[in-house]
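Only one structure is covered here, and it is reproduced in the block below.
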Amino acid sequence: MNLRCIIVDDEPLALDLLEGYVVKTPWLILEGRFSSAFEAMAFLEKVKVDLVFLDIQMPGLSGLEFSRSLQNGPRVIFTTAFGQYALDGFKVEALDYLLKPVSYPEFLSAANKARRWFELTGKSAGQLARNTIFVKSDYKMVQIELSKILYIEGLKDYVKIYREDTEKPVLTLMSMKSLEENLPENIFMRVHRSFIVNLEKITTIERNRIVFGKTYIPVSDNYKDKFLKFVNERFF
């Protein structure tokens, strides 16, 4: 499970350190870094994230005050140089509390705690933030219900999105990697460099191929183990 996160700290060195830790952690995706709570607040009005690494002592609006405004929003891991704020941090239901200077093992331990929480609750931004996506096709924006997608085919710089309610696919300028990262990973799986499938729509598998009507989608060797694990977990 990937978690989208931001870093909020008024100290440039702390921002650089935490950014390095995030980049070093494969399943953390850095959506932004901000030197004030106000900048982060404006960003979160437009973009959903899972996790905020948040400094407590900041001018203008403290991390504690900012965290109280995040109703039904991202979870928080506090970072601070002052240990006396730990109790206040847990009063606002922070997932963890890191005392500066933060080492990478400490950071990773807190990040893993957050990951376990999201795995248990299934509340990550990538999984539950939406049930539709907008894509640009033929100079207009098209809204597509995720539950209606059968599979997605990659064609160089374009993808074709095939839906169960229409024969004509939606063609959009987008990379497979970008689309894969923005689809809920518990529902969609890449099974070939050119194909992503909706796991909930699979009814027939034949000789390492997924069958959608008259279309046969190959499962390549690079993705076979992950796909077979999914199948075996549901095999009776």
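Each value in this text was obtained by applying a stated rule to the coordinates, not by laboratory testing. Just so it is clear, the structure is predicted and the values come from calculations on it, not from any experiment. Note that we place each Cβ from the backbone using ideal geometry, even for glycine, and neighbour counts take in every protein chain shown.
Of 204, 172, 132, which residue is farther than 30 Å from residue 26 by Cβ and in contact with a strand residue (DSSP E or B) (Cβ under 9 Å, 6 or more places away or on another chain)?
On the way: 172 fails: farther than 30 Å from residue 26 by Cβ; 132 fails: farther than 30 Å from residue 26 by Cβ.
After applying the criteria, what remains is 204.
So how many residues does the stretch 147-166 have that are closer than 20 Å to residue 191 by Cα, part of a loop (DSSP other than H, G, I, E, B) and more than 23 Å from the chain's Cα centre (by Cα)? Show your work before the answer.
At the first step, the residues of the stretch 147-166 found to be closer than 20 Å to residue 191 by Cα are 147-164.
Checking which are part of a loop (DSSP other than H, G, I, E, B) leaves us with 156-157, 164.
Narrowing the set further to residues that are more than 23 Å from the chain's Cα centre (by Cα) leaves 156, 164.
Here the count works out to 2.
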### Query
Counting only residues that are of a type outside the set (A, V, I, L, M, F, W, C), in contact with a Leu (Cβ under 9 Å, 6 or more places away or on another chain) and more than 15 Å from residue 75 (Cα to Cα), which one in the stretch 33-50 is surrounded by the most Cβ atoms within 10 Å (Cβ to Cβ)?
33
#### Entry: Filter result (buried (at least 18 other Cβ atoms within 10 Å of the Cβ) and among the aliphatic types (A, V, I, L, M)) within the stretch 175-198
176, 179, 183, 189, 191, 196, 197
### Message
Just to be sure I understand the filter: pairs with C-beta atoms under 9 Å, separated by 6 or more residues or on different chains, first member in the stretch 189-200 and over 18 Å from residue 147 (Cα atoms), second member of a type outside the set (Phe, Trp, Tyr) and in a loop (DSSP other than H, G, I, E, B). Which pairs pass?
### Response
191/219; 191/220; 192/219; 192/220; 193/220; 194/220
